[in-house]
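Take a look at the structure below.
The values are calculated or read from the model by the stated rules, or taken from the named source; none is laboratory data. The shown structure was predicted, so the numbers you read here are calculated from the model rather than taken from an experiment. Here the Cβ positions follow ideal geometry from the backbone for every residue, glycine too, while neighbour counts run over all protein chains shown. For accessibility, only protein heavy atoms count, side chains too; no ligands or nucleic acids. Shrake-Rupley method; radii C 1.70, N 1.55, O 1.52, S 1.80 Å.
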Amino acid sequence: MMKKVVTLMLSLIMVLSLAACGSTDSKKADSDKTVKSDLEYVKEKGTLVVGITDFEPMDYKDENGEWIGFDADMAKAFAESLGVEVEFVEIDWDNKIIELDGKTIDCVWNGMTLVDEVKEGMECSNAYCENAQVVVVPTEKASDYQTVESLSNLSFAVEAGSAGEEQAEALNLSFTPVKAQADTLMEVSAGTSDAAIIDLLMAGAMIGEGTGYANLTYTVSLNSEEYGVGFRKGSDLAKALNTFFADSYADGTMMQCAEKYGVQKTIIPQN
């Protein structure tokens, strides 16, 4: 009799245990069904929030305070293709991955160099633009700084968290991090830094004759690099953007936009 009771109790415990497991599995399955992809998340809220800095010719404001530039215009077109609005948010470049993971922005689209830190911390699009890091100095001193070896005694301004800062560290140069690439030019123009390291595309648009920094020029090219757009790790928005890039390159709209901002020679063909 006792054996029958024990057997019955064990059977009851097993049934309850299996029921509990089944309930847990069911809850997990239900939970999995409610997890939205990044693409679904953006479409549901109706806005693609783009993290940027002031970086002509990629992202900058016109006389009416509207964000324009090659990257800004392409971001607007991509958002339109998704059926959502676009919102631009200026970010601290050094905190771009934190901003993404915290969902204060949905992507970083700002002439972002595909360095290891970026590729490890974000889901990146295909490269769409070629670039380089260049040294900016006052025009009257340019002849003195034509080689990497000649830079060792200069004090540099670089954007915090940028490819320019990475180059300064790699070359053991003395540098001061600032908030934005545009700020590095102010530092050099004011004489508070001897030189700056910035993107070639920015140098082409913002320094030299006919610009606000006619007294500055660039000399040494330190590397070659590529731009990409960054999303949250694992985001399906990167794949959607790659498709958009391929379509806009094929129909000519990407190159039309590039020509508008003078960056057509840097565009990487999209397949």
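Exactly one residue among Glu166, Glu159, Glu209, Glu226 is within 20 Å of Trp93 (Cα to Cα), out of contact with any Leu (no Cβ under 8 Å at 6 or more places or on another chain), open to solvent by 20 Å² or more (accessible area, probe 1.4 Å) and of a type in the set (D, E, K, R), and that residue is Glu166. The number of residues in region 162-176 that are outside any helix (DSSP H, G or I) and in contact (Cβ under 8 Å) with a residue 40 or more places away in the chain comes to 2. Here Gln264 does not qualify as more than 30 Å from Ala157 (Cβ to Cβ) and polar (S, T, N, Q). Counting only residues that are in contact with a Gly (Cβ under 8 Å, 6 or more places away or on another chain) and more than 27 Å from Lys36 (Cβ to Cβ), region 115-127 holds 1 of them.
Residues checked against (1) modelled with pLDDT under 95; (2) acidic (Asp, Glu):
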position: Phe88; (1), (2): no, no
position: Asp92; (1), (2): yes, yes
position: Asp106; (1), (2): no, yes
position: Asn110; (1), (2): no, no
position: Met122; (1), (2): no, no
position: Lys141; (1), (2): no, no
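Counting just the residues of region 229-247 that are open to solvent by 60 Å² or more (accessible area, probe 1.4 Å) and basic (Lys, Arg), which one comes out nearest to Ala180 (Cα to Cα)? That would be Lys233. Within region 48-93, the set of residues being surrounded by fewer than 14 Cβ atoms within 10 Å (Cβ to Cβ) and assigned to a strand (DSSP E or B) comprises Glu85, Val89. Scanning region 248-271 for residues that are assigned to a helix (DSSP H, G or I), in contact with a helix residue (DSSP H, G or I) (Cβ under 8 Å, 6 or more places away or on another chain) and either among the β-branched types (Val, Ile, Thr) or open to solvent by 80 Å² or more (accessible area, probe 1.4 Å) (or both) yields Thr253, Lys260, Thr266.
Of all residues in region 94-124, those satisfying the criterion of being among the hydrophobic types (A, V, I, L, M, F, W, C) and either open to solvent by 30 Å² or more (accessible area, probe 1.4 Å) or closer than 21 Å to Glu226 by Cβ (or both) are Ile97, Ile98, Leu100, Cys107, Val108, Trp109, Met112, Leu114, Val115, Val118, Met122, Cys124. Within region 131-144, residues that are closer than 20 Å to Ser224 by Cα and free of Cβ contacts under 8 Å to residues at least 24 places away in the same chain reach no partner that is in a strand (DSSP E or B) and β-branched (Val, Ile, Thr) with beta carbons closer than 7 Å at six or more positions or on different chains. Evaluate the following for Asp92: is it acidic (Asp, Glu), touching a residue at least 24 places away in the same chain (Cβ under 8 Å) and either touching a Phe, Trp or Tyr at 6+ places or on another chain (Cβ under 8 Å) or farther than 16 Å from Leu237 by Cβ (or both)? It is true that Asp92 is acidic (Asp, Glu), touching a residue at least 24 places away in the same chain (Cβ under 8 Å) and either touching a Phe, Trp or Tyr at 6+ places or on another chain (Cβ under 8 Å) or farther than 16 Å from Leu237 by Cβ (or both).
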